[in-house]
Structures are given as C-alpha cells and as structure tokens.
Amino acid sequence: MALNRDFVGRTYASSAPYEVSRVKISEFATAIGDSNPIYHDRQAAVAAGHPDVVAPPTFPIVFSLLGTGDALSDPELGLDFSMVVHGEQRFEYERPIHAGDELVCASTIAEIRSVGRNAFLTLRSDVSTTSGELVCRTYNVIVERGGAA
Amino acid sequence: MAATVKYDEVEAGQEIPAVEYQVRRVDLVRYAGASGDFNPIHWNERFAKAVGLPDVIAHGMYTMAQGGRFVTDWAGDPGAVVEYGVRFSSMVVVPDDDNGAVIRISGIVEEKREDKRVVVTLTARSGDSRVLSKARAVVQLS
C-alpha cells in the first residue's frame, strides 16, 4: 500500500517537555558502553567547560520522536510497521544537550518518496528548549519494505 | 567544551586507527531499556526469525552510537561533534553466545574546513558486511 503523500509537510509537536536528567544520560551512556566521565560525572563535565553532564551524540533518539508516534500509526498514512527498517539518521547540533535542559520537539514529515519497491519517509525534528532556543535538528529516514507507490 | 585534538595538528587524509566494539545480547537488552526501543527483532530470536531475519540484530542506533563513541573518543569531548549522520547499509547479526558480534570502526579525516572544523568519515564493519555507509561527522577542533 502506498504511503499517503498528503501527510508531507505536517508537523507534530511533543505533548510535554522532555526533562534531561543526569541519571538518564548516565544510563544511556552505560548502555552504549561509554564510560567517558563527561557523561557520568558533573565535576568532570564542568572541568571540560560544560554546565553539567552532556548527552552522547545519539541521545536525542530517546525523545525526539515522541510526538510522531500517533502520526506514524495513523491508518490514513498507510504505514505498515512490521515492514519498517531504519534507513538513515542524522543529527545537527547547535550546542551539546546537557542535564537540566527542558526540551520540546516539533517533528515534520519532510518527504515521502519511492525507490524501487520501497517507500522512504523522512522526518525532521527540531529540538528546542522551552524558552525557544534551537539545540538540535534530527533527520530520520524510515524505510517501508515493499511500500512503494 | 574543547576538543583535545588541535586543528593545526590534523592533516586531511589522516587515518584514525580502528577500534573493535563487542556487542552481545545483553548489550542489546540494556540498550533497549535505555533508549526505549523494544522492537523484539533486537532481543527475541524466535520473533526475528519469524519475520525473516537470520537472527537477532543490533539496533541501528546502537551501531551508530558506537560510531559516535569512536568520534568523541578521538576528539576528546562529546561537545565537539557538531553534526553526525549515517546510513544503515547492513545488519549486525548478534548470535546467542558469550562473544556476540564485533563492530570494527575506523575513520579518516576527509576534509579540513574553515573555522577549525573537520569532516571525519567512518567505516563500520561486522563480519564481512559494511554496516554503515555515508557515515560522517563534523567535528569542531581546538
């Protein structure tokens, strides 16, 4: 089934701010096997010039798509989750994310295209503080195998 | 918030030595919990095989995170990474044994840009497969 291209350009906001905590950063860093003290020890992070422990580069994946779940599961879109694989991922950082940040995301379905038998859907998420400072943009391409128009 | 690598001491074309990262089933379970991605193809062999996969496979984002580790360990400060992107080109198959799989990552300083930034391209392999393509990071050096 082809994806509904009427969804291109639609934007979905996170329902509540995501609070970045030291504990979560440390847990995530441990899960990727990274013992860098800048992720685990506030004093080490401050000594390196950060306000608090900072998040690993891929950390925004934890929260950046929270607002899009409902959109992607909307039957009108026509996405078959059982056929979905992760195609590409990219992050552009304005500054490191650190503990204490309260972040909101606005995710836009930027593109839907077909390549061969597969459908590609690109989601762009703008991650900002609750006071409106842009901290990161993420680009997430998901591939629906066999989903081409 | 400063990389320990100095821009003036880096040459375009310079290689960053390979590092091997082991990934076992327990690492995927831990990553599932920390990331919130509980797709059963990353921990349930029965389910993975039922949907046509050879075995449990690692989260793409787990592999991407190892590439991130490679870059931040080289740069010396996670805050020095200003851009990081990959394409997931092949699966990392993780067998149910004590060794799991190995992801071998190496890098090259592809380009020196202005304002002390460099482009690092990564090669990530597991077994005979290249598991990431178009993997590159832009890093702010000091």
Pull up the cross-link candidates among the lysines for B:Lys134, meaning alpha carbon to alpha carbon under 19 Å and not fewer than 8 places away within one chain. B:Lys112
Which residues in the stretch A:76-116 have a backbone N closer than 18 Å to a point placed 7 Å from the Cα of A:Glu133 along the Cα-to-Cβ line? A:92-106
Reduced to Cα centres, the span from the stretch A:84-149 to the stretch B:75-93 in Å works out to 15 Å
With the crude spin-label approximation of a point 7 Å out along Cα→Cβ, what separation in nm comes out for A:Ala44 versus A:Arg145? 4.0 nm
Could you name the lysines in cross-link range of B:Lys116, using Cα to Cα under 18 Å and dropping any fewer than eight places away on the same chain? B:Lys6
Added length on full extension, which subtracts the Cα-Cα distance from 0.36 nm per residue, B:Asp8 to B:Ser133: 42.2 nm
Please report the relative contact order for the stretch B:3-64, taking Cα pairs under 8 Å with a sequence separation of at least 6, and give it as a percent rounded to a whole number. 22 percent
Shielded by partner chains, the stretch A:75-104 residues - at least 30 Å² of accessible area, 1.4 Å probe, vs chain alone: A:His86, A:Gly87, A:Glu88, A:Gln89, A:Arg90, A:Phe91, A:Tyr93, A:Pro96
Would you be so kind as to list the residues of the stretch A:39-66 that have their accessible area lowered by at least 20 Å² in the full protein complex compared with their chain by itself (1.4 Å probe)? A:Tyr39, A:Ala48, A:His50, A:Pro57, A:Thr58, A:Ile61, A:Val62
Distance from the Cα centre of the stretch B:42-68 to that of the stretch A:12-36, in angstrom? 21 Å
Provide the per residue accessible area, probe 1.4 Å, for chain B, rounded to a whole number of square angstrom. 47 Å²
Counting only protein heavy atoms, what percent of the accessible surface of the protein assembly as shown is carbon or sulfur at a 1.4 Å probe? 48 percent
Enumerate the lysines that A:Lys24 could reach by cross-link, defined here as Cα to Cα under 21 Å, with residues fewer than 8 away along the same chain left out. none
Classify chain A from the C-alpha gyration tensor, please: rounded if a/c falls under 1.5, else prolate or oblate depending on whether a/b exceeds b/c. prolate
Label-to-label distance, nm, for residues given as B:Asp115 and A:Arg113 (7 Å Cα→Cβ offset): 2.7 nm
Cβ-derived FRET efficiency at R0 35 Å, B:Ile108 paired with A:Ser82, nearest 0.05: 0.40
Over chain B, calculate the relative contact order: mean separation of alpha carbon pairs under 8 Å at least 6 apart, over the residue count, as a percent. 34 percent
Note: A vs B interface, total accessible area buried (1.4 Å probe; ligands, DNA, RNA excluded), nearest 100 Å², is 2400 Å²
Restricting the stretch B:1-58 to chymotrypsin sites (Phe, Trp or Tyr not before Pro) in coil, as DSSP defines it, with at most 14 other Cβ within 10 Å: B:Phe38
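The values are calculated or read from the model by the stated rules, or taken from the named source; none is laboratory data. Predicted, not measured: the structure shown is a model, and the values here were computed from it. Glycine also receives a Cβ, built like all others from the backbone with ideal geometry; neighbour counts cover every protein chain displayed. These area figures cover heavy atoms from the full protein model, side chains too; ligands, DNA and RNA do not enter into them. Shrake-Rupley method; radii C 1.70, N 1.55, O 1.52, S 1.80 Å.
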